Amino acid sequence: MRLEDFAEDDRRHLIPQAGGELEYRCLSCDARYGIDELLYTCPHCGQVLLIEDRAFDRLKERGGAHWRRVFDLRRMLNLPGLKGIFRYQELVAPVIPLDSVLYLGEGHTPLVEATASLRELVGVPFHFKNDGQNPSASFKDRGMAVALSYINYLIQHRGAGRVLSICASTGDTSASAALYAAYLAPRVASAVLLPQGKVTPQQLSQPLGSGAAVFEIPGVFDDCMKVVEYLAEHYQVALLNSKNAWRIRGQESYAYEIAQDLDYDLQDLVVLVPIGNAGNISAVMAGFLKLYQLEIITHLPKIMGVQSSHADPVFRYYQAPPEKRRWQPVTVQPSVAQAAMIGNPVSMPRVMELARRYEETAGRAAFFVVQVSEQEIMDNMIQANRHGHIVCTQGGESLAGLRRALELGLVGREERAILDATAHHLKFIGFQQMYFEDRFPPEMEVRPRPELVNHPQTVSPLPADELPAPGRPLQGQAFQRFVEATAREIARRLELEQRP
Ligand SMILES: *Cc1c(COP(=O)(O)O)cnc(C)c1O
Ligand SMILES: [Zn+2]
């Protein structure tokens, strides 16, 4: 619909106005800083920041029903700037005017329901929310759309010069950063740092294709991150890791979409999120809390983090009783959930603060972290995809986490779950191949379950000189013979019945 086609009363609210009073807040010393400068850590104490809206209460005055109506009507409005996550502009980044918003097709990813047969295997109804259906094929695009829209705003309206964006990545951050930066070329250029050999070929190809400067660094992600932090501290660059609090704002949209797609009824809901650097789970909690404060929703869902036993510092922290918790980074082991293979998550202080606020509001049982094995991650990824899903290893981790939570009684049979399928299956296809070919190195501790293995079958029913080959097509009777012999062989293997 066009704006003119809406009722006069609604029209006034459909186009968001630039507003709000955003500021960075330090999670340790509570210092506040203006957003005109790009800050990543507190200049005073070095801690990570969150972006908060000093004027948030103005949104409360309108009431939950108002916001539900505005968001639902915007769904019908054909305006590119509001097609993506800026549908929730007032919650995401109200200071960014619509003419600075980048829209590359991110957000509004589908909730895909588990079929009856898969639900029966697992024990509760659930949906995957397919964030692999974002433009660079992972949820990272949500945060990147906001971070780069903000940079675009600084260039368009604040006289910022040419920007070099930079990030460290387990693969998907760099793919996303390079894509969004490329859209703003030549005013924005990007450089990405990857742990050598620790991202998949698909993920490596993405920033290369977007024209980024790609640097492969020895070590693991945590090592890359330190180099990027040093660069951001000493040089004029814009850091695009989730240390950048704008990313968190964008990723909150995941929570807004779940609420909207469930008609704002979140009773008996559990949301599962795989944890790596812990930016996403922080954003998801922050998003639901905002909806609750604005009375857009009346129930907070349970939030459940999932980690592999090969990279589980957040699980270990919350495993201890509250009075005994001590933060301790871990040394990671190789993991199929490679995008979450992080031993010292940058956003841990955010998790601590948001989980505390979440539990204060929704009760003790509202936030958990569970741990799963590499074997469970692989089995669950393949099993889900054999039932019509397109989940990556991290999506498999979400499903494995749901099963663990059911076993432990953390999720009850009367509840329903939404599992974050954080990236597209094809980005991590090598792990499926290793599973099918039983090629996992011993330290990965993954053995294929025979019933989940699949191989292509060669059909070659005639001597080589009677088969077609590239550049040597068959003709006439020879061609007919080949078609019939091949079809018969396939029919035999599939045990097909002949038509009467
Ligand atoms: C980045 C990423 C994660 C981990 O998210 P964090 O915000 O770092 O916790 C999980 N899955 C995929 C596919 C990712 O790209
Ligand atoms: Zn501080």
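Please treat every number below as a calculation from the coordinates, not as lab data. The shown structure was predicted, so the numbers you read here are calculated from the model rather than taken from an experiment. Cβ coordinates were reconstructed from backbone atoms using ideal geometry, including for glycine residues, and neighbour counts include every protein chain displayed.
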Check your understanding: Which angle from 0 to 90°, rounded to the nearest 10, does the C-alpha axis of helix 374-385 make with the longest principal axis of the chain?
Key -> 80
Practice item. Kindly write out, for segment 421-429 in residue order, the coupling ³J(HN,Hα) from the Karplus curve 6.51 cos²θ - 1.76 cosθ + 1.60 (θ = phi - 60°), rounded to whole Hz, with x marking Gly and Pro. Key: 8, 6, 9, 6, 2, 5, 5, 10, 5
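Find out how many positive minus negative residues lie around residue 440, taking Lys and Arg as positive, Asp and Glu as negative, among other residues whose Cβ is under 11 Å from that of residue 440. If you can, show how the numbers build up before the last one.
Numbers: positive: 439, 447; negative: 374, 437, 438, 443, 445.
Residues near residue 440 contribute -3 overall.
If you restrict to DSSP beta bridges whose two residues both lie in segment 1-154, what percentage is antiparallel, to the nearest 5?
Numbers: 12 of 12 bridges.
So the antiparallel bridges in segment 1-154 amount to around 100 percent.
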Study note, to complete from the structure: Footprinting proxy, 435, 88, 153: sorted fewest to most Cβ within 10 Å, the residues are 153, 435, 88
Exercise for review: Enter the Cα centre distance for the pair segment 405-460 and segment 59-127, rounded to the nearest angstrom.
Suggested key: 29
Point to revise | Amide H partners (placed H, <5 Å) of residue 35, local residues excluded | key: 24
Review point. In straight Cα distance, which aspartates and glutamates are under 14 Å from residue 60, not counting same-chain residues fewer than 8 positions off?
Key: 90, 295
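Please give the calculated 222 nm ellipticity per residue for the chain, where each DSSP H segment of at least 4 residues contributes -39500 (n - 2.57) and the sum is spread over every residue; nearest 500 deg cm²/dmol? Don't jump to the answer; show the numbers that get you there.
Numbers: 18 runs with 193 residues, N = 500.
Roughly -11500 deg cm²/dmol at 222 nm, from the helical runs in the chain.
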Check your understanding: Using θ = phi - 60° and the Karplus curve 6.51 cos²θ - 1.76 cosθ + 1.60, what whole-Hz ³J(HN,Hα) does each residue of segment 174-183 get, with Gly and Pro shown as x?
Key -> 5, 4, 6, 4, 5, 5, 5, 5, 4, 5
Review point. In which sequence would 204, 91, 148 go, from the one with the fewest C-beta neighbours within 10 Å to the one with the most?
Key: 204, 91, 148
Practice item. Quick one: angle between helix 393-407 and the longest Cα principal axis of the chain, in degrees between 0 and 90, rounded to 10, please. Key: 80
**Study point:** Highest-first arrangement of 366-379, 271-284, 436-449, where packing means the average Cβ count within 10 Å
**Key:** 271-284, 366-379, 436-449
Exercise for review: Work out the charge dipole of the chain with +1 on the Cβ of Lys and Arg and -1 on the Cβ of Asp and Glu about the Cα centre, then indicate which of 393, 375, 240 is farthest towards its positive end.
Suggested key: 240
Point to revise | In nm, spacing of pseudo-spin labels at residue 7 and residue 437 (7 Å Cα→C-beta vector) | key: 6.2
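Taking each pair of different alpha-carbon atoms in the chain once, compute 1/r for the pair, average those values, and report the inverse of that mean as the Kirkwood hydrodynamic radius in Å to one decimal. Show your work: numbers first, answer last.
Numbers: mean 1/r = 0.0415 Å⁻¹.
It works out to 24.1 Å.
Holding the Cα-Cα limit at 28 Å, pick out from 198/243; 226/427; 140/324; 129/324; 226/302 the pairs that are longer than that.
Values: 198/243 21 Å; 226/427 25 Å; 140/324 33 Å; 129/324 35 Å; 226/302 33 Å.
Violating the 28 Å Cα-Cα cut-off are 140/324; 129/324; 226/302.
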Review point. Which values of log₁₀ I(q)/I(0), to two decimal places, follow from the Debye formula for segment 84-182 at q = 0.11 Å⁻¹ with a uniform point scatterer at every Cα?
Key: -0.42
Revision key, fill the gap. Toy charge model, Lys and Arg Cβ at +1, Asp and Glu Cβ at -1: the chain dipole around Cα centroid in debye, rounded to 20, equals 340
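Show me the ranking of peptides 385-391, 309-315, 182-188 by mean Cβ neighbours inside 10 Å, starting with the highest.
Working: 385-391: 18.0, 309-315: 22.3, 182-188: 15.0.
Ranked by mean Cβ neighbours within 10 Å, highest first: 309-315, 385-391, 182-188.
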**Study point:** the chain - share of DSSP beta bridges that are antiparallel (%, nearest 5)
**Key:** 30
**Study point:** Contour excess over end-to-end distance, with Cα ends at residue 429 and residue 37 and 0.36 nm allotted per residue
**Key:** 137.1 nm
**Study point:** Dipole of segment 89-137, positive direction: furthest Cα of 110, 96, 135, with charges on the beta-carbon
**Key:** 110
Review point. Under the Karplus relation 6.51 cos²θ - 1.76 cosθ + 1.60, θ = phi - 60°, what is the ordered set of whole-Hz ³J(HN,Hα) values for segment 304-312, x standing for Gly and Pro?
Key: 10, x, 10, 9, 6, 5, 8, 7, 10
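When a/c reaches 1.5 or more, the comparison of a/b and b/c decides; with that in mind, is segment 91-139 rounded, prolate or oblate per its Cα gyration tensor? List each step's numbers first, then the result.
On the way: a/c = 5.01, a/b = 2.83, b/c = 1.77.
The shape class here is prolate.
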Point to revise | Acute angle (nearest 10 degrees) that the helix 476-493 long axis makes with the longest principal axis of the chain, alpha-carbon atoms | key: 70
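Let me spell out the model: positive unit charges on the Cβ of Lys and Arg, negative unit charges on the Cβ of Asp and Glu, origin at the Cα centre of segment 175-266. What dipole size does that give, in debye rounded to 20?
Using Cβ point charges on Lys, Arg, Asp and Glu, segment 175-266 gives about 440 debye.
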Practice item. State the answer as a single residue: which of 460, 487, 450 lies farthest towards the positive end of the charge dipole of segment 426-500, with beta carbon charges of +1 for Lys and Arg and -1 for Asp and Glu, about the Cα centre. Key: 487
